[in-house]
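What follows is a single structure, written as structure tokens, with notes after it.
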Amino acid sequence: MTEKCSLGIEFGSTRIKAILINEDFTPVASASHTWENRFENGLFTYTQDDISTGLKRTYASLSKDVREKYGEDFSSVKSICISAMMHGFLAFDKDMNLLTPFRTWRNVNTEKAAAILSENLSFNIPLRWSCAHLYQAVIDGEEYIQKIDFVTTLAGYVHYLLTGETVLGVGDASGMFPIINGKYDESRVEIFEKLLREHGFNKKINDIFPKILPAGVTAGKLTEEGVKYLDESVKLQPCIPFAPPEGDAGTGMVATNSVTVNTGNISAGTSVFAMAVLKKPLQKSYPEIDMVTTPAGDDVAMVHCNNCSGEVDAWVKLFADVMNDYGVKPDIGKLYEIFYKAAYSGNTDGLMSYGFLSAEPIAEIPDGIEMFIKSPTATLNLANFTRSVLYSSLCTLKIGMDILAEEGIDLTKIYGHGGYFKSGRFGAMTAANAFGVPIAVGVSAGEGGAYGAALLAAYIHNDEQTLDKFLSSKVFASVDESIINPTDDGIKDFDKFYGRFIAGLHIIHEKF
């Protein structure tokens, strides 16, 4: 059975997830492994052992799920795609030895580099982009710099370990350096290399960055070494073809069928980002807006925020701890449902939540800080508390979304996916009222990028259809979706909270 299926594996911020889909693009098996970044020497990272162990455990759990459901060993699949959190910095020498611990998207130590590059390239370079990390390391004179032979993202690294290929999907590559027509922008590469040479770094970007590939092409095959890295039982057969590795933004777009012009999606989990596929370029560059691409290479405006539901996770864990101490073993999924459901009847008057687990550049927050504020006259109950926390999760995203609205980006519908949209309808209702646009949530809303990666894996066997046609005509033609429309009262309620959220940011700014 599995030899006709496609496999998607995504390394998210808190979970590694694998999804197996059949020829009808329906998930037939899944597995996940919980992991967490480390904060070491002032930087957020995951170790190579974290990556290896997490991948093996996820794959082993998937194999177990297949055996239990279908009574067969997992020995082959039709194709595979690796996805991971975008951006960050993995630098290797000529023997593919990691030169410095993996620097994730969450790090904000690149402020100086990002500012210099944004000015010189006339293009917004976010702090988390790979080129910003490289340039910061160069201007800081880090000792390993001259040994660099290859720089990639997490998805590109795992893909290399499994296939031996140093390639990257165009969507993920667009979080490394500006892209034009499916290639690193030559004019900006020239400027970037000149800036690097001024600090004694003379290597060519096209030599050390991954080769860029669009969706739909084969990007290598599983090697014997790759089998051992993935499958401890070594039952999986080699030579399985791979799709180009992609970032979670791109796989999220695929998972929600939002790769065509004037469509958009919001991926809401540990971080939150919104994507809008553009009909025409923005009128100017904005520090709040990233310019990236779809996995097919079309221009996308992206609003990325480092923080979203992490604050929700922390409070749910606290409630679970209380129940455990009381002698009750809680159902975590049910706790999340209760948390979201309670917010329906809430009132946020006199309450405010700031859930910055890490720095938030879009709100000019330089470091993580969490704060819940209550006025003496406010009523603190579960409904009011949960509504405040869930509202605040989308407030920084609204800063960038308002800019897109001012630019005339007219989205008739936004697809929502990720954990924020999985527990009931309140997440979708909040997003609809926050942005004044209908929110569509499909049956795969909670599956996220792993499902999108599986679809990209299946797409390499397509019959020459474009990616948007493949998704609309084959994958999502008969898929049901729930659409939540904004309401006048809901928009007013969120706007009132948002106004107080923005006004109160000075409290946090003053702390720094």
Notebook entry, point to check: Does region 163-309 classify as rounded, prolate or oblate by the C-alpha gyration tensor (a ≥ b ≥ c root eigenvalues; a/c under 1.5 gives rounded; else a/b over b/c gives prolate, otherwise oblate)?
Noted result: oblate
Note to self: I need the chymotrypsin sites (Phe, Trp or Tyr not before Pro) found in region 250-356, filtered to DSSP loop residues with at most 14 other beta carbons within 10 Å of theirs.
What the structure shows: 326
Checklist line | Rotationally averaged projected area of the chain (alpha carbon convex hull; nm²) | finding: 23.6 nm²
Check: Considering only DSSP states other than H, G, I, E and B, which GluC sites (Glu not before Pro) in region 462-511 qualify as loop sites with at most 10 other Cβ atoms within 10 Å?
Finding: 464
Next item on the list: Mind jotting down the distance between the C-alpha centroids of region 273-333 and region 359-414, whole Å?
Entry: 12 Å
Notebook entry, point to check: What lysines could a cross-link reach from residue 413, if we take a straight Cα to Cα line under 25 Å and drop same-chain neighbours fewer than 8 places away?
Noted result: 279, 280, 284, 341, 398, 422, 469, 474, 492, 496
Item checked: Considering only the chain, percent of DSSP beta bridges that pair antiparallel, nearest 5 -> 75 percent
Next item on the list: Quote the FRET efficiency, to the nearest 0.05, computed for residue 147 versus residue 364 with a Förster distance R0 of 35 Å and r equal to the Cβ-Cβ distance.
Entry: 0.50
Margin query: Averaging over every viewing direction, what projected area does the convex hull of the Cα atoms of region 137-241 cover, in nm²?
Written below: 7.7 nm²
Check: Given region 385-467, what whole percent of its Cα pairs are spread farther than 14 Å?
Finding: 70 percent
Check: In a solvent-free Debye calculation with one equal scatterer on each Cα, what is log10 I(q)/I(0) for region 2-246 at q = 0.10 Å⁻¹, listed in the order of the q values?
Finding: -0.48
Next item on the list: Any of 112/183; 4/69; 17/78; 56/334 with alpha carbons more than 21 Å apart? Name them for me.
Entry: 112/183; 56/334
Next item on the list: Taking 7 Å along the Cα-to-C-beta vector as the label spot, tell me the residue 183-residue 322 distance in nanometres, rounded to one decimal.
Entry: 6.0 nm
Note to self: Using the Kirkwood formula on the Cα atoms of region 368-512, what hydrodynamic radius do you get, in angstrom to one decimal?
What the structure shows: 17.7 Å
Check: List the aspartates and glutamates whose alpha-carbon lies under 15 Å from that of residue 374, not counting same-chain residues fewer than 8 positions away?
Finding: 349
Margin query: Sorted from largest to smallest, which semi-axis lengths in Å does the alpha carbon gyration tensor of region 380-428 give for its equivalent ellipsoid, taking the root of 5 times each eigenvalue?
Written below: 25, 15, 8
Checklist line | trypsin sites (Lys or Arg not before Pro) lying in DSSP loop within region 175-237, provided at most 11 other Cβ fall within 10 Å | finding: 204
Next item on the list: Return the ratio Rg/(2.2 N^0.38 Å) for region 439-494, where Rg is computed over Cα atoms only.
Entry: 1.52
Next item on the list: Please report, to two decimal places, log10 I(q)/I(0) for region 12-125 at q = 0.21 Å⁻¹ as given by the Debye formula with identical point scatterers on the Cα atoms and no solvent.
Entry: -1.17
Check: By DSSP, what percent of the beta bridges with both residues in region 2-246 are antiparallel, rounded to the nearest 5?
Finding: 70 percent
Item checked: By average C-beta atoms within 10 angstrom, highest first, the peptides 368-379, 407-418, 486-497, 146-157 -> 146-157, 407-418, 486-497, 368-379
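Every number here is computed from the coordinates shown, using simple stated rules; none is lab data. These figures come from a predicted structure and were not determined experimentally. Heads up, the Cβs are rebuilt from the backbone with ideal geometry, glycines too, and the neighbour counts pull from every protein chain shown.
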